[in-house]
1. Go ahead and estimate [θ] at 222 nm for the chain from helices alone: -39,500 (n - 2.57) per DSSP H run with n ≥ 4, summed, over the residue count, rounded to 500.
2. Here are several values of log10 I(q)/I(0) by the Debye sum over Cα atoms at q = 0.15, 0.19 Å⁻¹: [x] -0.94, -1.27; [y] -1.03, -1.25; [z] -0.82, -1.17. Which one was derived from the coordinates shown?
3. Set the Förster distance to 25 Å, then compute FRET efficiency between ILE121 and ILE9 from the Cβ-Cβ distance, nearest 0.05.
4. Charges only on Cβ, +1 for Lys and Arg, -1 for Asp and Glu: so what's the dipole of the chain about the Cα centre, in debye to the nearest 20?
5. Give me the angle, in degrees from 0 to 90, between the Cα long axis of helix 54-71 and the longest principal axis of the Cα atoms of the chain, rounded to the nearest 10.
6. PRE reach from ASP142 (point 7 Å along Cα→Cβ): which of the stretch 1-40 fall under 11 Å by backbone N?
7. What net charge is computed for the residues neighbouring LEU134, neighbours being all others with C-beta under 12 Å from the C-beta of LEU134, Lys and Arg scored +1, Asp and Glu -1?
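Values quoted throughout were computed directly from the atomic coordinates according to the rules given, and no laboratory measurement underlies them. Computed from a prediction, not measured in an experiment: that's the story for all the values here. Note that each Cβ is placed from the backbone with ideal geometry, even for glycine, and that neighbours are counted across all protein chains shown.
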Amino acid sequence: MNSIVQKLIKTFTSDQFKKYFISGITAFGTDYIILNILTAATNDSHIKIIVNLSVPNLISTFFGMIVSYILNRLYAFKSNKDVVKEGSKFILVVSINYIVSNILFGFMVYNIKIIAPIAKIFVVGLQMLWTYFLYKFFVFKDPTIIVSD
């Protein structure tokens with residue numbers, strides 16, 4: 001058990017994780033700002049558009065994902081592999097993440113009654129933890145690196 005904890009500590013204090021975290025915070029900032037702008041715009045009584053909370057979340061998440069891919073590819077994981085292959089893996093991971101996080105987001109907002117901006121922070125924090133491993137060992141995996149026990 002101690003070796004697992006030590007590996008996790010080593011992972012979460014690595015330079016790569018720090019870069020991943022910075023990339024994630026930047027992508028989240030993009031997502032969060034757009035979500036708040038769209039949420040405020042659709043709640044404005046002067047705008048005669050009826051929009052479900054999921055639509056602003058979908059749009060903001062899309063822009064956050066674009067920022068995330070670019071920064072993680074170039075900065076955190078320094079990948080130069082085939083963009084189509086890697087991008088396909090990224091889209092798969094992001095799609096699964098989107099479904100899971102949107103379910104969790106909706107549950108927190110509609111069932112637990114947590115306001116959307118706070119729920120978004122919580123959901124994205126959880127998502128960042130599990131996604132790091134998916135990016136490292138699946139999306140941006142370097143086939144020349146052998147993971148040892």
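1. Values: 5 runs with 101 residues, N = 149.
One gets -23500 deg cm²/dmol as the mean residue ellipticity at 222 nm.
2. Evaluating log10 I(q)/I(0) by the Debye sum over Cα atoms at q = 0.15, 0.19 Å⁻¹ on these atoms matches [z].
3. Numbers: r = 24 Å, r/R0 = 0.95.
It comes to 0.60.
4. On the way: 14 positive and 7 negative charges, 41 e Å.
That gives a dipole near 200 debye.
5. For 54-71 against the chain, the angle is about 30 degrees.
6. Counting only backbone N, you get 16.
7. On the way: positive: LYS89, LYS136, LYS141; negative: none.
The answer is +3.
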